[in-house]
1. With the requirement that a residue be away from ligand 2 (no atom under 16 Å from the Cβ) and closer than 22 Å to ARG455 by Cβ, what does segment 350-374 give you?
2. Just to be sure before I move on: is THR261 within 22 Å of GLY461 (Cα to Cα), within 20 Å of the chain's Cα centre (by Cα) and either surrounded by fewer than 24 Cβ atoms within 10 Å (Cβ to Cβ) or at pLDDT 85 or above (or both) in the structure I sent?
3. Go through segment 346-379 and give me each residue that's within 38 Å of the chain's Cα centre (by Cα) and surrounded by fewer than 16 Cβ atoms within 10 Å (Cβ to Cβ).
4. Only residues that are among the aromatic types (Phe, Trp, Tyr) and at pLDDT 75 or above: list them for segment 207-243, please.
5. Output the residues belonging to segment 433-451 that are surrounded by 21 or more Cβ atoms within 10 Å (Cβ to Cβ) and more than 16 Å from ligand 1 (Cβ to nearest atom).
6. For a quick check of your reading of the model, give me the residue pairs whose first member lies in segment 242-257 and is hydroxyl-bearing (Ser, Thr, Tyr), whose second is near ligand 2 (Cβ under 8 Å from one of its atoms), with beta-carbon atoms closer than 6 Å and at least 6 apart or on different chains.
7. Suppose we filter segment 443-467 for residues that are closer than 30 Å to ALA383 by Cβ and part of a loop (DSSP other than H, G, I, E, B); how many remain?
8. Which ones in segment 6-60 are within 17 Å of PHE137 (Cα to Cα) and of a type in the set (S, T, N, Q)?
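The values are calculated or read from the model by the stated rules, or taken from the named source; none is laboratory data. The structure displayed is predicted, hence computed values, not measured ones. Glycine also receives a Cβ, built like all others from the backbone with ideal geometry; neighbour counts cover every protein chain displayed.
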Amino acid sequence: MNSLNSAVWNLAFFIPLVPACLAAYAFFGFLLSFFPLKAITFLFDDIEPFKAVPAIIGCFGFLVVCFTPLGRDFGMVQNIPESKTYPVPFIGFSEMWESLASEFKSLAYYLLLYSFLLFPITFPILVVTVVATVLLFPYLALVDAAYYVVMAVAKAVDKRQYRTNTKRLVCPECGRASGRPFYDVGTSAIEGLRPSKNGIFSVEMETASFPCFGSKGGRKGLVQSCPLCSSVLETAEGKPFVLSVAGAPSSGKTSFVHSVTGRLVSTSGNGKADKAGLYHAWEGAELAAYRAGTCDPTPASFQKPHVVKLESGRLTTCRLLYMYDIGGAFFTGQIETDMQPQYAFSDALAFVLDPTCDRPADAALDAYRVFVGRYRQFNRMDASMRIDVPLAIVVTHADVPGPLSWLSGSELRDRMADIGYFNLVNSAERDFRRVSFFSCDARKECKETGDAVKRLCEDAGEDIGQFFS
Ligand SMILES: Nc1nc2c(ncn2[C@@H]2O[C@H](COP(=O)(O)OP(=O)(O)O)[C@@H](O)[C@H]2O)c(=O)[nH]1
Ligand SMILES: [Mg+2]
């Protein structure tokens, strides 16, 4: 910012100088029409040099006085003011004119004094300086206009980023969604922040001014908390993508979640994340157990979501993948589990089925019916309304050779419809606008599990899909 301010400052000596020289040239021509200078016009045929030479002397003299140590004798100290609100961009421009004008004024004043001594040199410089001082006003007006345009654009970008990135908070601790987080500003917790008129680096709040977006902004680093459970969050305003996993007991839901998580973390989000990590410590222990080949049954009661945090220099905030994995008993309909709040704000749904279990098509269809019934009930959607949230049907146990192993897309869909899953396929396609099909070995961190989530992200129109390979 200092270099930008000094560029504006220095250009203030050059840009007005060009028209100032032309004006000085015209002025000296004007002087030649008065006594006693008028005599020159009678004595010389060519009076051009009498206009041009003083203009050139004035122009060069002006530059010498402004930019050499000689200038100090003329009050020209080249004192670029420190922008008070640094590092807010461009704010220095409009604040600079007073200092600039005072330097020009003292220069003109000293030149006026000296002009009695070295009249032929100092007088032209004085003329150029006076004209350049006048032209300083349109120059600074233009600079300020540019500043306000840039600021308006920066503010619009800032607002948009803030709105889209903090539109919704999903608490990694209580698993519930709310509006913007509470920000701890020292004296009180306030809800939501607004970008200030200065744009990207500062935010006006009830109590004070805090830094906002941008590389130097610290707003994302303010302590934030969940408005519902008051837990302190480390989401740094990360944008959440919520995936709810459903399926019959032991169909492979938990394995699927660990497969996606493990692959995401070990591939650093398709090599596109600077950091890919787990949010909760317990997730690390569970992932390690999964990698060692054990997968404990999940209790039917509501659980905290699995959260993967992806950070990339190309994104203004991080991306958080939430995966809700609940006990399969919920989908048998026997358990009156109260509410699964995530169904109100899921961005995508995955329905997992095991084709190797006893009567697999019936088991899957029963679980599917309970799942969709509860989803509709929770979202107050009757059976005639199609669900906009994308669904992926994930068939596990691809490692056990069978008719569905390692198929995907329409090939898998058609095969499923042929071998007894017709009702499931048909219901899914009636209930959901977008349905995709994948087969995978959920015990491994295989590509197919990531493909399923990638597709769901893409169907939901979210950029987090880029992190899956
Ligand atoms: N061979 C094989 N076993 C699987 C697969 N997916 C899950 N399992 C096993 O099935 C059992 C139940 O899996 P789990 O993920 O706990 O199912 P959940 O009850 O739906 O969460 C575990 O012993 C897993 O190791 C798979 O794709 N292939
Ligand atoms: Mg489980």
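1. PRO355, TYR368, VAL372
2. no
3. Within segment 346-379, GLY373, GLN377, PHE378, ASN379 qualify.
4. PHE241
5. Within segment 433-451, just SER436 meets the criteria.
6. THR254/CYS295; THR254/THR298; THR254/ASP325; SER255/CYS295
7. 3
8. If the condition is that a residue be within 17 Å of PHE137 (Cα to Cα) and of a type in the set (S, T, N, Q), then ASN10 is the only one that fits.
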